[in-house]
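The next block holds one structure in the form of structure tokens; read it before the comments.
The values are calculated or read from the model by the stated rules, or taken from the named source; none is laboratory data. Note that the coordinates shown come from a computational prediction; the quantities given were computed from them, not determined experimentally. Here the Cβ positions follow ideal geometry from the backbone for every residue, glycine too, while neighbour counts run over all protein chains shown.
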């Protein structure tokens, strides 16, 4: 939400899009986090549960057609499967959206903030190596992501008529031009 507010300070509504069938805790995990953070950023959060492309067209379409809104596209298999439609709707209605993964921004999304997936795979490979060399999986500590990355797409911003603030560009790990 902080990224959305920095991108467009006039935002006062944020929809968070997820599929309750595949989201952690049926979406309650996301709902609690987003609703707890919303007052700090002076935005009204709206849960937008989706299950298929029809839901995206109707529910997301209704939200983005009103002014001063932003989207948080939460990471699950359904939002990933329909990311091109979500990207297109956000662009068509000029609504800023934050995604969880770099590859979505490379596909035309505006910005992402999330774990560095490549780094997670590298670390996972090191664990596989240790297991193949005889370490018991139960002897390996649980690891949390250490590297998060902010990726911005200037081309998408320009097409939407948005200017990405210099402060965000300086924070970005990657800026796609």
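A few remarks follow.
- If you check 162, 168, 154 for being under 14 Å from residue 7 (Cα atoms) and modelled with pLDDT of 95 or more, only one passes: 154.
Let's see how each residue does on (1) free of Cβ contacts under 8 Å to residues at least 60 places away in the same chain; (2) in contact with a strand residue (DSSP E or B) (Cβ under 9 Å, 6 or more places away or on another chain):
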residue: 81; (1), (2): yes, no
residue: 101; (1), (2): yes, yes
residue: 106; (1), (2): no, yes
residue: 114; (1), (2): yes, yes
residue: 121; (1), (2): yes, no
residue: 125; (1), (2): yes, no
residue: 131; (1), (2): yes, no
residue: 136; (1), (2): yes, no
residue: 141; (1), (2): yes, no
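- Of all the listed residues (95, 14, 34, 48), the sole one being within 30 Å of residue 167 (Cα to Cα), touching a strand residue (DSSP E or B) at 6+ places or on another chain (Cβ under 6 Å) and part of a loop (DSSP other than H, G, I, E, B) is 95.
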